[in-house]
Amino acid sequence: MTRARPIILGAVGVLLIGALWELYKAIAPATGVVIGGVTVLPRSSDLAMPHIATMFLRLGQPVLGDPGSPPLWLAVLQAAGFTLGIAAVSWVIGVVVGMLLAILMQRFRTAESALAPWVILSQTVPIIALAPLVSGFGSQIPGWQDWMSVAVIASYLAFFPVSIGALRGLSSPEVAHVELLHSYAVGWWKTLVRLRLPASVPYLVPALRLAAASAVIGTVVAEVSIGLEGGVGRMMIEFASASSGDPAKPFGPIFGAIAIGLVSAGIVALLGLFLRRYRRSEATS
Amino acid sequence: MTDAVTVSAVGKTFAVANRGTVVALEDINLVVAPGEFVSLIGPSGCGKSTLLRLIADLDQPSTGTLSVFGKTARQARTDQDYGIAFQQAGLLAWRTVAENVELPLQLHRVAKPTRRARVAELLELVGLTDFADRYPDQLSGGMQQRVAIARSLAESPGLLLMDEPFGALDEMTRERMQNELVRIRHETGAAVVFVTHSIPEAVFLSDRVVVMSPRPGRIVDVVSVELGGERGDEVREASAFFARVSAVREALHGAPAKGVRGVENR
Ligand SMILES: Nc1ncnc2c1ncn2[C@@H]1O[C@H](COP(=O)(O)OP(=O)(O)OP(=O)(O)O)[C@@H](O)[C@H]1O
Ligand SMILES: [Mg+2]
C-alpha cells in the first residue's frame with residue numbers, strides 16, 4: 001500500500017494534466033484571448049492543441065505518408081533509445097567528474113574555496129554557447145563523433161548536483177566518527193572508503209536523481225544545438241516544422257522524452273534500492 | 001613493567017576565537033599502572049575529556065609530557081595500544097552490530113576467519129550474540145553502548161579509555177553495565193582510564209579515583225578505593241563502599257571550586 005501510493009498519486013497527476021488540457025480546449029475560444037495585440041491565453045484550436053486521443057492515435061500511424069514508413073511509435077522508441085543511451089553516458093561522466101571534484105574539495109579546503117565558485121558559475125553558461133566550443137574541440141580529436149559532443153555537453157549539466165550533493169555527504173560524518181577512525185590510526189583513503197563515502201549516500205541518491213534529469217534534458221537540448229540526428233531532440237524540431245498539417249505528430253517525440261525521463265528516474269530509484277543499507281538514517285531521522 | 005600511562009606536568013591551553021585563551025588543564029601529574037582502573041571525576045569543564053583526549057592523541061598537550069606504555073601518545077595510537085569508547089556509542093548506522101565490532105579489525109587488515117572468531121567472542125562477552133545481524137537503530141541505548149565497548153576491546157588493548165560511556169543510560173542498565181565492565185576488565189586485564197560524573201560509579205569501578213577541579217583544570221585529590229578485585233552488587237551495600245563514596249565527595253566539595261555543579265551524588 002505505502003509503496004503503491006506514490007505510483008497512484010503520480011498516475012492521478014498525469015490524468016489531471018490531461019483533463020486540464022481537454023478542459024481548456026473545451027472552454028477557451030479557438031483563437032485564444034488577445035488583448036491589445038498581446039496573446040494572453042493561447043489558441044485552443046485543434047492545430048495548436050490537438051486532442052490527447054489524437055496524439056495517441058497518431059502514434060499508431062506511419063511517420064510519413066509513403067508506404068514502408070514505420071509507425072510513429074516505433075520511430076519514437078528508436079529515437080528515445082538513442083537519446084537514453086547518450087544520456088546514460090553523460091550521466092556516468094557527470095557522476096564520475098562530480099564525485100572526483102567533491103572528493104578533491106573535501107580533501108583540500110583550499111581546493112574547495114578555489115573550485116566552488118567555478119562549479120556554481122559553470123552552470124550559468126548556457127548550453128547553446130557551449131555546443132560550438134565542445135564540437136570544435138572534439139573535431140580536433142581523431143575518431144571523435146557528434147554523439148560524444150552531446151554526451152560531454154549534457155554531462156556538463158549532470159556533474160553539478162553530484163558535486164554539490166557529494167561534497168555535503170562527504171562532509172557529513174560527525175566529528176566523533178572521524179576521531180574514531182583517527183584513533184584507529186588509519187589514513188585519508190580508508191576514512192574515505194569506510195566512513196565518508198558510506199555516509200554520503202543519503203545525500204548522493206537525490207543528487208544522482210537530479211543528475212539523471214539534467215542528463216536527459218541536457219542531451220535533448222544538446223542534440224538540437226549540435227544538430228545530431230537520431231535522437232528525440234532533433235526529431236521534435238523536424239516534426240514541429242514539417243508538420244503544420246499534422247499537429248499531433250510533434251507530440252510523439254515529446255512523449256518519447258517523457259518516457260526517457262521516467263526510465264532514467266526508475267534506474268536511479270533501483271540504484272537507491274541497492275544502496276538502502278546506507279540510507280538507514282533517512283528512515284530513522 | 002612500564003606504566004600504562006604517565007602524565008607529567010601536562011598543561012593544555014585552548015585558544016578561543018575573540019576570547020583569548022582557556023586553560024583547560026594545568027600541571028597534571030598522573031601514573032596509571034598496567035591493569036589499574038582509574039576514574040576521573042570532577043565538575044563539568046574541569047578538563048576530564050581533554051585529559052583523555054591527550055592520552056588518546058586526539059589532541060596535543062601545550063606543556064609537559066605524556067607517555068603510553070613508555071611510548072609517545074602518537075606512537076601508542078599508531079600501534080593501537082588503546083581502545084576508546086565515548087559518551088555517544090558512535091556506531092556506524094550502515095553496519096550491523098557484528099560489522100561495527102569488526103571495524104577496527106577490518107581497518108587493520110586482520111584476516112577474515114580471525115575477525116569472525118574474534119567478533120563472536122566479543123559479542124559473547126557483552127551478551128549480544130543474538131543481535132549480531134541487527135543494525136544500531138534497532139538497538140536500545142544500552143545495547144549500543146555495549147557494542148561500542150565490544151568494539152573498543154576488539155584488538156585486546158592494554159589500555160581502555162572511556163569518556164562517560166554510561167552517561168546516557170538509566171540507573172538500572174547503568175549498574176548492570178558497571179558489573180559487566182568489572183567482569184570484562186578482569187577477563188582482559190586491561191588498564192582503564194574512565195571519566196564519569198557519578199561518585200558511586202567511580203568508587204564501584206575503580207582502584208583509584210582522581211578528583212579534579214575546574215578553572216584551571218587540576219587534580220585536587222586521589223582517593224584509593226581498595227575494595228578488592230572482583231566486585232559484585234554486594235559491594236554497593238558494603239559500609240567500606242559508602243566510606244569511599246564519602247571520601248570522594250569530601251574531596252570534591254573541599255576542592256576550591258566555585259561550585260560542584262555537574263556532579264551527581266547518586
Ligand atoms: N576544542 C576546544 N576549544 C576550546 N576550548 C575547549 C575545547 N575543548 C575543551 N575546551 C575547554 O576546556 C575546558 C575543559 O573541557 P572538557 O571537555 O575537558 O571538560 P570536561 O571535564 O570533560 O567536562 P564535562 O564533564 O562537561 O564533559 C572547558 O572549559 C572547555 O570549554
Ligand atoms: Mg567531558
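The values are calculated or read from the model by the stated rules, or taken from the named source; none is laboratory data. This is a predicted model, so every value here is computed, not measured. With ideal geometry, Cβ positions are generated from the backbone for all residues, glycine too; neighbour counts draw on all protein chains shown. Side chains included, ligands, DNA and RNA excluded: accessible areas come from the protein's heavy atoms. Shrake-Rupley method; radii C 1.70, N 1.55, O 1.52, S 1.80 Å.
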Q: Note the per residue figure in Å³ for the convex hull of the C-alpha positions in region A:194-282.
A: 105 Å³
Q. How much of the accessible area of the protein assembly as shown, probe 1.4 Å, is carbon plus sulfur, in whole percent?
A. 63 percent
Q. Relative to the longest principal axis of chain B, what angle (0 to 90°, nearest 10) does the C-alpha long axis of helix B:239-254 take?
A. 50 degrees
Q) Taking Cα centroids, how far is region A:140-168 from region B:143-157 in Å? A) 46 Å
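How many square angstrom of accessible surface are buried between B and A, both sides summed, with a 1.4 Å probe and rounding to 100? Please report the intermediate quantities before stating the final value.
Details: alone 12280 and 16720 Å², together 26850 Å².
Counting both chains, the buried surface is close to 2200 Å².
For region B:1-108, with every protein chain kept in place, what is the accessible area per residue (1.4 Å probe, Å²)? Before the final figure, lay out the partial values.
Details: 4140 Å² over 108 residues.
Solvent-accessible surface per residue comes out at 38 Å².
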Q) Cα centroid distance between region A:221-282 and region A:197-216, in Å? A) 18 Å
Q) How much length, in nm to one decimal, is gained on full extension between A:S139 and A:L57, taken as 0.36 nm per residue of separation minus their Cα-Cα distance? A) 25.3 nm
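Among the GluC sites (Glu not before Pro) within region A:171-228, which fall in a DSSP loop and have no more than 15 other Cβ atoms within 10 Å of their own Cβ?
Details: sites: A:E174, A:E179, A:E223; in loops: A:E174.
Answer by residue number: A:E174.
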(Q) With just the Cα atoms defining each centre, how far is region B:86-109 from region B:192-215? Give it in Å. (A) 27 Å
**Q.** Residue-averaged 222 nm ellipticity for the protein assembly as shown, from DSSP H runs of 4+ at -39500 (n - 2.57), nearest 500
**A.** -17500 deg cm²/dmol
**Q.** Once the Cα gyration tensor of the protein assembly as shown is diagonalised, semi-axes √(5λ) in Å
**A.** 67, 25, 22
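First measure r as the distance between the Cβ atoms of B:A117 and A:I27, then evaluate 1/(1 + (r/R0)^6) with R0 = 56 Å and state the FRET efficiency to the nearest 0.05.
Values: r = 76 Å, r/R0 = 1.36.
FRET efficiency, B:A117 to A:I27: 0.15.
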(Q) Give the lysines reachable from A:K190 as a straight Cα distance under 26 Å; neighbours fewer than 8 places away on the same chain don't count. (A) B:K71, B:K112
Q. So what are the three principal axis dimensions of region B:24-79 from its Cα atoms, in whole Å, longest to shortest?
A. 32, 26, 17
Q | At most 14 other Cβ within 10 Å, DSSP loop - GluC sites (Glu not before Pro), region B:141-247 | A | B:E226, B:E230
Q. Can you list the residues of region A:186-229 whose accessible area drops by at least 10 Å² going from the chain on its own to the full set of protein chains, with a 1.4 Å probe?
A. A:V186, A:K190, A:R194, A:L195, A:P198, A:A199
Q. Given labels modelled 7 Å from the Cα in the Cβ direction, how far is it in nm from B:V23 to B:R215?
A. 1.3 nm
**Q.** Cα-only Debye scattering, region B:91-156: base-10 log of I(q)/I(0) at q = 0.15, 0.21, 0.23, 0.28 Å⁻¹
**A.** -0.37, -0.73, -0.88, -1.30
(Q) Please list, short to long, the whole-number percent of alpha-carbon pairs of chain B in consecutive 5 angstrom bins beginning at zero. (A) 1, 6, 13, 17, 18, 17, 13, 9, 5, 1, 0, 0
Q. Pairing the Cα long axis of helix A:127-139 with the longest principal axis of chain A, what angle in degrees results, from 0 to 90 and rounded to the nearest 10?
A. 70 degrees
Q: Calculate how steeply helix A:72-107 sits against the longest principal axis of the alpha-carbon atoms of chain A, using the helix alpha-carbon long axis, and give the answer as 0 to 90 degrees to the nearest 10.
A: 20 degrees
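How high is the relative contact order of chain A, in percent, with contacts defined as C-alpha pairs under 8 Å that are six or more residues apart?
Numbers: 359 pairs, mean separation 64.6, N = 285.
23 percent.
Across region A:72-278, how large is the tail of the calculated P(r) beyond 24 Å, expressed as a percent of all Cα pairs?
On the way: 10428 of 21321 pairs.
Above the 24 Å cut-off, region A:72-278 has 49 percent of its Cα pairs.
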